[in-house]
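Colleague: I am attaching a structure below and will ask some questions about it afterwards.
A short reminder: the numbers here are calculations on the coordinates, not readings from a lab. Remember, it's a predicted structure, so these values are computed and weren't measured experimentally. Note that each Cβ is placed from the backbone with ideal geometry, even for glycine, and that neighbours are counted across all protein chains shown.
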Amino acid sequence: MAKKALIIQILILGLLALLLVNPSFFDIRLKKAQQELDFGVLLRKSSSDTAYFNHLNISKGKFIFIGYGSYSYESSSIFKEISQNQQILNSYKIIAISPFTRRDFDAKRDSAFSQYITFKYGEIDADIIIRGIPFMTIPEYLEQKKKAKAGNNEYALDYPVVIILEDNKVVWAKKRVSGISGIEFD
Amino acid sequence: MKRILRFELMKIWHPFSFIYWILFSIAFIVFSYDEPSFIKRFMSSNFRYNEEIIINIFYFASYYKYLLTLFIIYITSREFANNTIIRSIYEGFSRKELFVGKLAVLAILTLFVFLLTRIILMVLFLVKGYSFNTISFMLLNYHFVIAELYSCFSLGLFGIMLSSLVKNLYWSIGLFIAWGYFEYLLQMFSFMTPFQEMANYLPLYVMTAIYRTLRFNEFGLLQLFYLFTLQQLFLLVIYNQYNHITWLRKH
């Protein structure tokens, strides 16, 4: 009886240990599954899925996509500057993209922060907030997590990414944009 | 083993169980097809978009484990309260046999509920038009399967432990809900403090939303051993309680 119990316990521990094995496999599978919802796929001409944009037709008009990190000051400054620039607000529609989904562990802070930027701080009318698209590679993410665990409070999970889309063409795109002066408008 | 299993299953074979699991399936379908509007209003502080639906479904679907635990609490605490468990000892079952039987029933129920929820989710995802890749990732990858089965089983153990300690149906259900609410509060407050990782060590929270832990915070060795020791603790307490079954006096 005791032997059987021991064997079952070891089996359970072994099964649990499987959760530790090859975590990158998990990320790859997740990426694969997310591909149908991937923003990069959507921007390509061949894609016909417009699930994100039920509220908005992105094939015509001028858009600025801003992908921002959870608490990076750079992205908040971009939002601030854009909200102050009436010319941009008039000619472009602003779409904010967050790397996290709302109800995940980091997303709770993320959503609080995004609200802060979008509604309280800058009072910017983001036409859409898209969530759940990572702008980081997996090693980048792990490195950031390591830093945070080591006590680094600058848990800047992502750098802001800005994409300008005009009539279904990517006019300008850049990672690590720190301010509105870095964006090249026509 | 066969004898005790037959005996345990006989106890579950009751109209109440059928009604409970049918209601469970209906509620599960309703909640996982689309969230009711009051929950939407309660939960949403921002816009909601289509790509979140699959995550939302998993979020709500993870709470079925509470219902499994409530069922387990119902069957065990009634046994203790009505002294049927001591009667079965008079009828020739040993205390160890009853302990093993209960665990076996829990394992069977876990498998049953797991299959039921997976099948419902599979059909719902197909109806909603998700790609096969997404469905297979969300339902059939071994990380989720192991985590769901293990967390279901552990929550069930928690339920058995509570009911064997308290020996009263209403008190144990009340305590279980109170514990859940206490954890919810702790978890909510922890987000305002530097101790945000504390939420990863709240037993009910971790076990209900284990897929979240797996997706965004990698499953660490420490957490694994923590969960395992928790399970051992539950098992030990249950074993002890079953080894000291006595006739429960009612005042």
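Colleague: Which residue, chosen from B:Ile75, B:Leu109, B:Phe125, occupies the Cα position most advanced towards the positive end of the dipole of chain B, where the dipole is computed from +1 (Lys, Arg) and -1 (Asp, Glu) charges on Cβ about the Cα centre?
Modeller: Ranked along the dipole, the leading option is B:Ile75.
Colleague: Residue by residue through segment B:140-151, what is 3J(HN,Hα) from phi via Karplus (6.51 cos²θ - 1.76 cosθ + 1.60, θ = phi - 60°)? Round to whole Hz and write x for glycine and proline.
Modeller: Per-residue couplings from phi come out as 10, 6, 5, 4, 5, 4, 4, 4, 5, 4, 5, 5 Hz.
Colleague: What average count of beta carbons from other chains do you get within 10 Å of the Cβ of residues in B:221-231? Let's see the in-between values first.
Modeller: Details: counts 2, 0, 3, 5, 2, 0, 2, 5, 0, 0, 4.
Whole-number average of other-chain Cβ neighbours for B:221-231 is 2.
Colleague: On to the next question. Which entries in B:Lys11/B:Lys102; B:Lys2/B:Lys167; A:Lys4/B:Lys96; B:Lys11/B:Lys250 show an alpha-carbon gap greater than 20 Å? If you can, show how the numbers build up before the last one.
Modeller: Numbers: B:Lys11/B:Lys102 11 Å; B:Lys2/B:Lys167 27 Å; A:Lys4/B:Lys96 13 Å; B:Lys11/B:Lys250 23 Å.
Cα-Cα > 20 Å for B:Lys2/B:Lys167; B:Lys11/B:Lys250; rest within.
Colleague: Evaluate the charge dipole of chain B about its Cα centre and quote only its size in Debye, nearest 20, assuming +1 on the Cβ of each Lys and Arg and -1 on the Cβ of each Asp and Glu. Mind showing how you got there, number by number?
Modeller: Working: 20 positive and 12 negative charges, 174 e Å.
Dipole of chain B, to the nearest 20 debye: 840 debye.
Colleague: Okay, next question. Given R₀ = 22 Å, FRET efficiency for B:Ser17-B:Ala104 by Cβ-Cβ distance, to 0.05? Kindly include the intermediate steps, with their values, before the conclusion.
Modeller: Values: r = 16 Å, r/R0 = 0.74.
In this case the efficiency is close to 0.85.
Colleague: Moving on to the next point. At 0.36 nm per residue, and after removing the present C-alpha to C-alpha distance, how many nm does the segment from B:Leu116 to B:Phe7 gain when stretched out fully?
Modeller: Numbers: separation 109, 0.36 × 109 = 39.24 nm, distance 2.36 nm.
Value of the extension gain: 36.9 nm.
Colleague: A follow-up question, please. Inside 10 Å of the C-beta atoms of A:9-21, what's the mean count of C-beta atoms belonging to other chains?
Modeller: 5
Colleague: Another question about this same structure. 7 Å from Cα along Cα→Cβ at both B:Ile29 and A:Lys60: what's the point-to-point distance in nm?
Modeller: In this crude spin-label approximation the distance works out to 4.3 nm.
Colleague: Turning to a different aspect of this structure: Near the amide H of A:Asn168, under 5 Å away, which other amide H atoms are found, from residues 5 or more places off or on another chain, if H is placed in the peptide plane?
Modeller: For A:Asn168, whose amide H was placed from the backbone, the distant partners under 5 Å are A:Gly61.
Colleague: Between beta-carbons, use under 14 Å as the cut-off and find the net charge around B:Lys167, counting Lys and Arg +1, Asp and Glu -1.
Modeller: +2
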